[in-house]
Amino acid sequence: MRSLTLKQIRYFDALARLGTFSAAAEACAVTQPALSMQIKEMEEGAGAALLERGPRGVRLTAFGEMVHQRAQTMLAILEDLDALARSAGGAPAGKLRLGVIPTIAPYLLPSVITRLAVLFPGLSPILRESMTSRLIEELLDGRIDAAILALPVSEPALTEVSLFNERFVLIRPAADAEKPVPHRDKLREMRLLLLEEGHCFRQQALSFCDVPSSQPREMLDGSSLSTLVQMVGVGVGVTLIPEMAVPIETRSAAVSVARFRDPQPLRSIGMVWRKSSAMEAQLMQIAEVVRDCGNRLRQASGLTSLPGWRRD
């Protein structure tokens, strides 16, 4: 392939992964015609078609598949070189591409980013909020450096560092504040509002309530914890949320917060990154900042007066 450029490789990789010119152009922050022109020049240089173009998107040809495999290898090597350069100075510096799941990001990130700016002024976080499965995929592909999510992820190629445990609390209408806290078995008989499919927090809540994920449900499945809490506030049902979300999500809703009897439901929050990452020492430093911010949030959540509150 003659005159192949790094820009073309990046554009081609995005197109191969996302399947449409519009999505690839958006991901690469360029116009669709500009991306299309680079792909066309890449095909002309190769002397063979890389793509099959159709009304619903593109598919790689057999030759395109082979080129994409090698393109991903090249990009991974470049990312490793970049990580090696960023790790050379000792303290975290340069770009940090950090993924975070939606049930953590709005509550933990503000304090983490503020603290990182103080401790490591040379660090430039680039944030990505997405569900666990997507973040793991992007980690393995080298598109992000690390992710903050619920453990375990059980991926052999990734290092997992547990940072702190976080309990779930029951959110009920304000009028139910004085009622006994239901046993988890009783939640199956109540109108339990959950996040939509794809959120790991949904599976954790179903597991605590001992409800099979395949069981048909005719209740609200929300896209955010905020939606669930607001619906509880108007009497639609009850829900579970992580304790770090309580100060933000309950401040404008007519709801009450209650802890469950032991054993209380909880999740382990941690950071993960590739075992091959040259940034491991720096990522460990960043993980300690996340751990400290998470524990501070728990203590400041306003839940210390509730029965069953414990500091881990």
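Could you work out the equivalent-ellipsoid semi-axes for the chain, taking the square root of 5 times each eigenvalue of the Cα gyration tensor, largest first, in whole Å?
In descending order the semi-axes read 42, 25, 16 Å.
Separation of the range 249-298 and the range 18-54 by C-alpha centroid, Å?
First find each Cα centre; the distance between them is then 40 Å.
Which residue fluctuates the most in the chain, going by a Gaussian network model with Cα springs under 10 Å, if the choices are Met37, Met284, Met190?
Of the options given, Met37 has the highest mean-square fluctuation.
Quick check: pseudo-label points 7 Å beyond the Cα along Cα→Cβ at Ala254 and Gln32, how many nm apart are they?
Each label point is offset 7 Å from its Cα along the Cβ direction, giving 4.7 nm.
Compare the Cα positions of Ala258, Leu139, Met231 along the charge dipole of the chain (+1 at Cβ of Lys, Arg; -1 at Cβ of Asp, Glu; about the Cα centre) and return the one farthest towards the positive end.
Projecting each Cα onto the dipole axis, the largest value belongs to Ala258.
Once the Cα atoms of helix 105-119 and of the chain are each reduced to a long axis, what angle between those two axes, in degrees from 0 to 90 to the nearest 10, is obtained?
Taking the Cα atoms of the chain, the angle to 105-119 is about 70 degrees.
What ranking of Ile77, Ile136, Ile248 emerges when the number of other C-beta atoms within 10 Å of each C-beta is taken as an exposure proxy, fewest first?
Ile77, Ile248, Ile136
Just to be sure I understand: if I project the alpha-carbon convex hull of the range 1-147 onto a plane and average over all orientations, what area do I get in nm²?
Averaging across all directions leaves 10.2 nm² for the Cα convex hull.
Quick one: net charge of Gly235's neighbours, Cβ under 15 Å, K/R +1, D/E -1?
+2
What is the distance, in nm, between label points placed 7 Å from the Cα along the Cα-to-Cβ direction at Ala157 and at Asp221?
2.9
Between Leu119 and Ala300, 0.36 nm times their residue separation minus their Cα-Cα distance comes to what?
Extra length available between Leu119 and Ala300 comes to 63.0 nm.
What angle do you read, to the nearest 10 degrees and between 0 and 90, between the alpha-carbon axis of helix 62-87 and the longest principal axis of the chain?
Between the helix axis and the principal axis of the chain, the angle is about 70 degrees.
Compute the acute angle (0 to 90°) between the alpha-carbon long axis of helix 32-46 and the principal axis of greatest extent of the alpha-carbon atoms of the chain; round to the nearest 10°.
Relative to the chain, helix 32-46 is tipped by roughly 50 degrees.
Every number in this text was worked out from the coordinates using simple rules, so none of it is lab data. No experiment lies behind these values; they were computed from the predicted model shown. Here the Cβ is made from the backbone with ideal geometry for all residues, glycine too, and neighbour counts use every protein chain on show.
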